[in-house]
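Notes for the one structure printed next.
Each reported figure results from applying straightforward, stated rules to the coordinates on display, with no laboratory input. Fair warning: this is a prediction, and the values are worked out from it, not measured in the lab. Quick reminder, even Gly has a Cβ in these numbers, built from the backbone with ideal geometry, and neighbours come from all protein chains shown.
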C-alpha cells in the first residue's frame, strides 16, 4: 500500500511541478515583453530586466498557487486514468475515498511550501526587484513604515507621517543630501499640499547644515510658506 501511495504522490507532484514551471515561464515571457519598452533607459539593461522578472517569480508562484495545484492534480489523476493505472489501483483494493485523501494530502504539501515562499521569500524578493528596477531607471522609491511612508526623490529623502488624500500631507520632513553624500538641509512642516510638481509647505522650518568646519554649524529659518520642487508623480503617491 505504501509503495502505491508513494507512486501516486510522486505522479501528482511531478505534474504539479511541470504545470508550475510552464505557468511561471509563460508569465515571465509576457512580463519580459512588457519590460522591453523600458530596456535602454538610463541604466536599465536586459540583464536588469531578467533580474527584475526573476525576483518576482516567488510572488507569482504564491499568487497563482491555487489554479496551479488544482490543474497539476487533475492532470496527474488524468494521466493515471488514461494509462489504466488508476483502474489497477482500484482493482487492487484502493478506494475512491483513499485516493481523494491521498490527493488532498499531496496538494497540502504544495500549499505549505507555497505559503512559506509567499510569506517569507516573496516580500523580500519583490522589494529587492522594485528597488533594483527603480534604481536602474532613476525612479523615485517609496516604502511604507510605521512612521508613514518614505520617498526617495533623486538624492533627497522625503518622509510623510500621514497621507490624507493623496495631495494633503501631514508631518512632512525633507532631507537634502549634497554631492558628498552628507546631509545639507532638513526641512520640516506641519502640513503640505502636493500639486503634482511641488510641495507647498506651511509653517516650514529649514535647518541648513554647514559641514565645512570640524563641528557642523546648523542655522534655522522659519517660513510661513515654502515651495519645494519634486520629481515624483501622483501615481507613486496613490500606490
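Which stretch or stretches of the range 188-207 have amide N atoms under 16 Å from the point lying 7 Å from residue 168's Cα along the Cα→Cβ direction?
Within reach of a label on residue 168: 190-196, 200-203.
Compute the FRET efficiency between residue 121 and residue 97 as 1/(1 + (r/R0)^6), taking r as their Cβ-Cβ distance and R0 = 30 Å, and round to the nearest 0.05.
My answer for the efficiency is 0.25.
Before anything else, pin down the relative contact order of the chain: Cα pairs under 8 Å, at least 6 apart, normalised by residue count, whole percent.
Averaging sequence separation for qualifying contacts and normalising by length gives 13 percent for the chain.
Would you list 201, 77 from fewest to most Cβ contacts within 10 Å?
77, 201
Measure out, as a whole number of angstrom, how far apart the alpha-carbon centroids of the range 1-71 and the range 148-165 sit.
Distance between centres, Cα-based: 34 Å.
What list do you get for 229, 106 if you sort them by fewest beta carbons within 10 Å?
In order of increasing Cβ crowding within 10 Å: 229, 106.
Can you give me the angle between helix 46-63 and the longest principal axis of the chain, using Cα atoms only, in degrees from 0 to 90, rounded to the nearest 10?
Between helix and principal axis, roughly 60 degrees.
Does the range 2-136 come out rounded, prolate or oblate by the C-alpha gyration tensor, with a ≥ b ≥ c the root eigenvalues, rounded set by a/c under 1.5 and, if not, prolate when a/b is larger than b/c and oblate if not?
Note, shape of the range 2-136 comes out prolate.
May I ask you to derive the FRET efficiency for residue 209 and residue 131 from their Cβ-Cβ distance with R0 = 22 Å, giving the value to the nearest 0.05?
0.20
Test of understanding: what is the full-extension gain from residue 222 to residue 193, defined as 0.36 nm times their sequence separation minus their Cα-Cα distance?
Additional length available on full extension: 8.7 nm.
FRET efficiency for residue 111 and residue 54, Cβ-Cβ distance as r, R0 = 25 Å, nearest 0.05?
About 0.60, to the nearest 0.05.
Arranged from highest to lowest average of other beta-carbon atoms within 10 Å per residue, in what order do the peptides 80-92, 107-119 appear?
Output ranking for 80-92, 107-119: 107-119, 80-92.
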